[in-house]
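To start, the structure under review is shown below, and the notes come after it.
The values are calculated or read from the model by the stated rules, or taken from the named source; none is laboratory data. Since the structure is predicted, the reported quantities are computational estimates derived from the model, not experimental observations. Using ideal geometry, Cβ is built from the backbone for each residue, glycine included, and neighbour counts are taken over all protein chains shown. Ligands, DNA and RNA are excluded from the accessible area calculation, which covers all protein heavy atoms including side chains. Shrake-Rupley method; radii C 1.70, N 1.55, O 1.52, S 1.80 Å.
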Amino acid sequence: MRYVSLGDVPAKRHAQTRRDGTLLTEEVLGYEGFSGNESILYHLHSPCRLSEVGEFTPIVREEWVPDAHVHRLADANPVDSGGDAISGRRLLMFNHDIEASICKPTDAHEGFYRNGEGDEVVYIHRGGGVLHTMFGTVPFREKDYVVIPRGTTHRWRLDEGVEQFWVCFHTPGEIETPNRYRNRYGQLLEHAPFSQRDFHPPAALETVDETGEWTVTLRVRDGLQTYVLDRHPFDVVGWDGYVYPYTFNIHDFEPKAGRLHQPPPAHQTFQGPNFVICSFCPRMLDWDPQAVALPYHHSNVQSEEVMYYVDGEYGARKGVGIGSITLHPSGLPHGPQPGLVERSLGVKETNELAVMCDTFRPLKLTTLSRDLDDPSYAYSWYEERPEHAVATTGD
């Protein structure tokens, strides 16, 4: 990310800095010890200060272990709305590198939240509001990726009367733009599908100097620890650096086309440890007279492909609607279903919009995945569906 400065920042680091005669508390928030990206924040009071230590609640994941290894289709539309932006998250699948959840929050987010063990990406399928953080306010809208670095104290405020439908990713690693898009100084290159102008850092700083009682929930050590503060956590008067929350709208991704079909890495948007996130956007298709516009069949020998269908029509799948999620696990080939390739020949453009996450370690499923699972999907490449289809793919 680019360098950003907001509020009152002194000329030199690690030197006495005062406001109205009071010495400010300097906090360095950074990755990889003191070797990675960092930001420096200036607080009115010590960020270590707390008045009460609350309970620690372990995170419980209800795993579903199906008795068959097959391609899977889930429909997220029936997932119930409810909860706030944190408690409303319903875990679908996970491994040691990433968790994917569906969230349809309806309640106000009381207190504050800080993820102390991972970065988060929240894709706003539908909805909008403002993310309030110690770095400032981050407005978000439909089709935004909201990226929140670990250690960011924040709370969500939702637009009133607007449906919220989110896909949430958590990773113990760091969310970055792909290495190949950046030069040795970190600037995005000309061939990248976006520029620094497309990433929107906090818009305005909120400095609150109040005494009271505020609850902060910290995700750490695979659980949730609560604390009570007697000073408002948004007491930052200024900060600068390379670590901060931001939004990137999927419609600002500049898709690539070629004479022949472009592979999935052409759509890559973010990278994390052992996974990538890609954006499949409306675009012109291949222009060679002999081109096959749909993806070729491929085997995920070392990866698992999760595709979330956001909008438009996805030409390589039939029976897959908006709000659906497909999982094509490792070890199995997949590709367009019968008849779709022939139907696509000569098509010049696509209006598809989808978010894909490829993981390089196997994913585990939850009981929510079981409840949403369509067992007939595994047979959708079979032109005459066998009568025993449902019985062999479920529990």
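Once fully extended, how much extra length lies between D107 and L189, figured as 0.36 nm per residue of separation less the alpha-carbon to alpha-carbon distance? Roughly 25.4 nm would be gained on extension. Packing, as the average of other Cβ atoms within 10 Å across residues, places the peptides 47-57, 288-298, 271-281 in the order 271-281, 288-298, 47-57, highest first. What separates the Cα centres of region 344-387 and region 117-151 is a distance of 27 Å. Full extension of the chain between H251 and K364 gives 37.6 nm of extra length, using 0.36 nm per residue less the Cα-Cα distance. Taking 0.36 nm per residue of separation and subtracting the Cα-Cα distance, full extension of the segment from H69 to E349 would add 97.4 nm. Evaluating 6.51 cos²θ - 1.76 cosθ + 1.60 at θ = phi - 60° for every residue in region 102-109, the Karplus couplings come out as 9, 9, 10, x, 10, 9, 5, 7 Hz, glycine and proline recorded as x. Let me have the relative contact order for the chain, percent, based on Cα pairs under 8 Å that are six or more residues apart. Result for the chain is 21 percent.
Rounded to the nearest Hz, the phi-derived 3J(HN,Hα) couplings of region 161-178 under the Karplus curve 6.51 cos²θ - 1.76 cosθ + 1.60 (θ = phi - 60°) are x, 10, 5, 10, 9, 10, 10, 10, 10, 10, 9, x, x, 10, 7, 9, 6, x, where x marks glycine and proline. Measure up K143/K348; K104/K256; K12/K143 against 28 Å on the Cα-Cα distance and list the ones that go over. Over 28 Å apart, Cα to Cα: K104/K256; K12/K143.
Heavy atoms only, 1.4 Å probe, whole protein assembly: order Y382, Y3 by accessible area, highest first.
Y382, Y3
Spin-label pair D20-R61: with each label point 7 Å from Cα along the Cα-Cβ axis, the two points sit 4.7 nm from one another. The orientation-averaged shadow of the Cα convex hull for the chain, equal to a quarter of the hull surface, comes to 21.1 nm². Near the amide H of T152, within less than 5 Å, lie the amide hydrogens of N115, all on another chain or at least 5 residues away, with H placed in the peptide plane. Taking amide hydrogens as modeled 1.01 Å from N in the peptide plane, which residues meet the under 5 Å criterion relative to E176, leaving out close sequence neighbours? Hits under the 5 Å cutoff: Q271.
For the chain, give the percent of accessible area contributed by carbon and sulfur heavy atoms, probe 1.4 Å, rounded to a whole number. Whole-percent figure for carbon plus sulfur exposure: 49.
Summary of packing: across the peptides 19-25, 92-98, the per-residue average of other C-beta atoms within 10 Å ranks them, highest first, as 92-98, 19-25. How big is the Rg/Rh ratio for region 157-213, C-alpha atoms only, Rh by Kirkwood, two decimals? Dividing the radius of gyration by the Kirkwood radius yields 1.10.
When the helix-only estimate is applied to the chain (DSSP H runs of n ≥ 4, each -39,500 (n - 2.57), divided by the residue count), what is the mean residue ellipticity at 222 nm, nearest 500 deg cm²/dmol?
-500 deg cm²/dmol
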